[in-house]
Amino acid sequence: KKIELQSVQRMVDTNMTLLEDMKIQEAHAREAQAVIQTVAASIQEQAHSKIASVVSRCLESVFDEPYEFQIHFERKRGKTEARLVFVRNECEYSPMDSSGGGVIDVAAFALRVACLMLSVPMKRRTIVLDEPFKFVSVEYRDSIRDMIELLSEEMGIQFIIVTHIAEIKCGEIINV
């Protein structure tokens with residue numbers, strides 16, 4: 001019985017040592033997780049700032065009463081999800097449910113531009129689009145052309161756009 005007791009005592013001691021090691025590893029993992037979450041929040045904020053400024057700027061350059069574009073990062077089911085919203089007069093609107101006049105077309109175009117500008121390593125600054133502004137109301141088409149020309153000049157982006165809308169044609173035009 002004494003030998004059995006000593007054997008069990010050694011197992012208990014070994015397991016207690018393992019338990020203490022696991023507690024230390026858990027503490028280190030929690031610290032690492034906190035650091036990673038802090039870095040992720042910082043990166044999300046930087047990405048939001050850059051993306052939202054490009055999209056909001058494009059919306060402002062086209063529409064008389066523009067929306068502001070925002071990205072809300074939310075933690076759900078152990079993952080970070082991004083919810084895209086338009087804001088006007090301190091009210092949030094779902095882009096897919098609450099906007100008309102081609103606002104979605106302009107925001108989608110601006111998101112492509114923002115993604116190109118954020119790509120690492122830097123990609124060739126060329127965007128090819130097919131009828132990107134087909135739902136933009138007629139009264140905003142001149143503003144669309146101005147926005148395209150301004151973005152091309154300021155950001156050094158070449159746009160290749162297939163369109164049947166004469167008002168937005170600009171730059172070197174190839175008629176086929």
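For region 103-154, filtering for residues that are out of contact with any strand residue (DSSP E or B) (no Cβ under 9 Å at 6 or more places or on another chain) and among the aliphatic types (A, V, I, L, M) leaves 13.
Flag: Val54 matches the condition of being open to solvent by less than 50 Å² (accessible area, probe 1.4 Å), in contact (Cβ under 8 Å) with a residue 60 or more places away in the chain and under 21 Å from Glu153 (Cα atoms).
Only one entry of Phe73, Phe69 meets the criterion of being in a strand (DSSP E or B), under 30 Å from Gln44 (Cα atoms), at pLDDT below 90 and aromatic (Phe, Trp, Tyr), and that entry is Phe73.
Residue check: is Val106 part of a strand (DSSP E or B) and out of contact with any Lys or Arg (no Cβ under 6 Å at 6 or more places or on another chain)? Against the criterion (part of a strand (DSSP E or B) and out of contact with any Lys or Arg (no Cβ under 6 Å at 6 or more places or on another chain)), Val106 does not qualify. Residues of region 144-155 that are out of contact with any helix residue (DSSP H, G or I) (no Cβ under 6 Å at 6 or more places or on another chain) and either open to solvent by 50 Å² or more (accessible area, probe 1.4 Å) or among the basic types (Lys, Arg) (or both): Asp146, Glu149, Leu150, Glu153, Glu154. I'd like to know if region 117-133 contains one or more residues that are acidic (Asp, Glu), part of a loop (DSSP other than H, G, I, E, B) and surrounded by 12 or more Cβ atoms within 10 Å (Cβ to Cβ). The answer is yes, given that some residue of region 117-133 is acidic (Asp, Glu), part of a loop (DSSP other than H, G, I, E, B) and surrounded by 12 or more Cβ atoms within 10 Å (Cβ to Cβ). Evaluated against (1) part of a helix (DSSP H, G or I); (2) open to solvent by less than 60 Å² (accessible area, probe 1.4 Å); (3) among the aliphatic types (A, V, I, L, M), Val39 falls short on exactly one condition, (2). Taken together, the criteria exclude Thr163 from residues that are hydroxyl-bearing (Ser, Thr, Tyr), open to solvent by 30 Å² or more (accessible area, probe 1.4 Å), touching a Leu at 6+ places or on another chain (Cβ under 9 Å) and farther than 30 Å from Ile36 by Cβ. Just wondering, is there one or more residues in region 5-16 that are of a type outside the set (Gly, Ala, Ser), surrounded by 10 or more Cβ atoms within 10 Å (Cβ to Cβ) and closer than 30 Å to Arg112 by Cβ? Within region 5-16, none of the residues are of a type outside the set (Gly, Ala, Ser), surrounded by 10 or more Cβ atoms within 10 Å (Cβ to Cβ) and closer than 30 Å to Arg112 by Cβ.
Within the option set Phe69, Phe73, Phe86, being surrounded by 13 or more Cβ atoms within 10 Å (Cβ to Cβ) and farther than 18 Å from Arg112 by Cβ holds for one residue only, Phe73. Every condition in (1) in contact (Cβ under 8 Å) with a residue 12 or more places away in the chain; (2) under 12 Å from the mean Cα position of the chain (by Cα) holds for Glu81 except the one numbered (1).
The values are calculated or read from the model by the stated rules, or taken from the named source; none is laboratory data. Being a predicted model, the structure only gives us computed values, none of them experimental. In this analysis, Cβ positions are derived from the backbone assuming ideal geometry, glycine residues included, and neighbour counts consider all displayed protein chains. Just so you know, the surface numbers come from the protein's heavy atoms only, side chains and all, with ligands and any DNA or RNA stripped out. Shrake-Rupley method; radii C 1.70, N 1.55, O 1.52, S 1.80 Å.
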